[in-house]
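The values are calculated or read from the model by the stated rules, or taken from the named source; none is laboratory data. Only a predicted model underlies this, so the values are computations on that prediction, with no experimental measurement involved. Ideal geometry is used to build each Cβ from the backbone, glycine not excepted, and the neighbour counts take in all protein chains shown.
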Amino acid sequence: MTRAAFYNLQTDSVERVLPLLLEKSLKEGMKVLLRAPSEERLRDWDALLWTYRQESFIPHGAAEDGNAERQPVCLTTEPENPNGAALLALAGGAEPFDVSDFARAIYLYDGGDEESCRLAERHQAIFRDAGAEIVVWRQTPDGWREETAP
């Protein structure tokens with residue numbers, strides 16, 4: 001069963017939190033598939049993963065560049081899992097797809113944006129219908145708090 005964690009961002013941006021979650025997953029030995037909602041966002045995230053921290057980067061590559069199966073983090077816009085990832089990462093409104101291939105999934109969204117919250121709820125229903133276990137983490141001034149999924 002896939003465990004899907006939805007991150008309700010209240011103070012930090014996706015660009016701040018996403019690299020931290022990817023780093024954590026890589027340290028746990030998981031390959032990651034990062035699905036972008038558009039080619040433009042894919043290029044933005046590609047640049048971010050090289051530059052988000054001055055002293056390090058997250059090893060990754062885009063599926064379209066070839067050798068996707070060798071990438072610890074593979075970026076794509078397509079509903080595919082070319083690197084055999086155990087973790088599916090979605091943000092920016094990227095649509096989920098067959099989650100049964102993944103042990104875990106993360107979904108980041110702007111909790112201050114009404115449309116983003118509605119989309120996250122719709123995506124929670126997609127995951128739930130696929131048999132995934134859903135957990136929601138809400139960012140607070142004191143850290144992260146687990147909430148019940150709607």
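Structure data summary
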{"item": "Verdict on A149 being of a type in the set (A, V, I, L, M), part of a helix (DSSP H, G or I) and either touching a strand residue (DSSP E or B) at 6+ places or on another chain (Cβ under 8 Å) or within 17 Å of E39 (Cα to Cα) (or both)", "result": "no"}
{"item": "Candidates E40, E64, filtered to the one that is at pLDDT 95 or above, charged (D, E, K, R) and either touching a Pro at 6+ places or on another chain (Cβ under 9 Å) or not in a loop (DSSP other than H, G, I, E, B) (or both)", "result": "E40"}
{"item": "Any hit, the range 48-65, residues being touching a Ser or Thr at 6+ places or on another chain (Cβ under 8 Å), under 19 Å from E23 (Cβ atoms) and not small (G, A, S)", "result": "yes"}
{"item": "Close pairs from the range 9-34: first assigned to a helix (DSSP H, G or I), partner not aliphatic (A, V, I, L, M), Cβ under 7 Å, at least 6 apart", "result": "V14/G92; V17/Y7; P19/Y52; L26/P72"}
{"item": "Residue among R43, R128, R118 that is without any contact (Cβ under 8 Å) to a residue 24 or more places away in the chain, among the basic types (K, R) and surrounded by fewer than 12 Cβ atoms within 10 Å (Cβ to Cβ)", "result": "R118"}
{"item": "Restricting the range 94-115 to residues that are farther than 19 Å from E146 by Cα and small (G, A, S), the residue that is surrounded by the most Cβ atoms within 10 Å (Cβ to Cβ)", "result": "A94"}
{"item": "Members of the range 86-128 that are in contact with a Leu (Cβ under 7 Å, 6 or more places away or on another chain) and closer than 12 Å to Y7 by Cα", "result": "A89, A91, A105, I106, Y107, L108, Y109, D110, G111"}
{"item": "The one condition in (1) surrounded by fewer than 21 Cβ atoms within 10 Å (Cβ to Cβ); (2) under 15 Å from the mean Cα position of the chain (by Cα); (3) touching a residue at least 24 places away in the same chain (Cβ under 8 Å); (4) outside any strand (DSSP E or B) that W137 fails to fulfil", "result": "(4)"}
{"item": "Residue selected from the range 56-74 under the condition farther than 22 Å from K27 by Cβ and surrounded by 13 or more Cβ atoms within 10 Å (Cβ to Cβ), by the criterion farthest from the chain's Cα centre (by Cα)", "result": "E64"}
{"item": "Any hit, the range 85-93, residues being among the aliphatic types (A, V, I, L, M), surrounded by fewer than 16 Cβ atoms within 10 Å (Cβ to Cβ) and out of contact with any His (no Cβ under 8 Å at 6 or more places or on another chain)", "result": "no"}
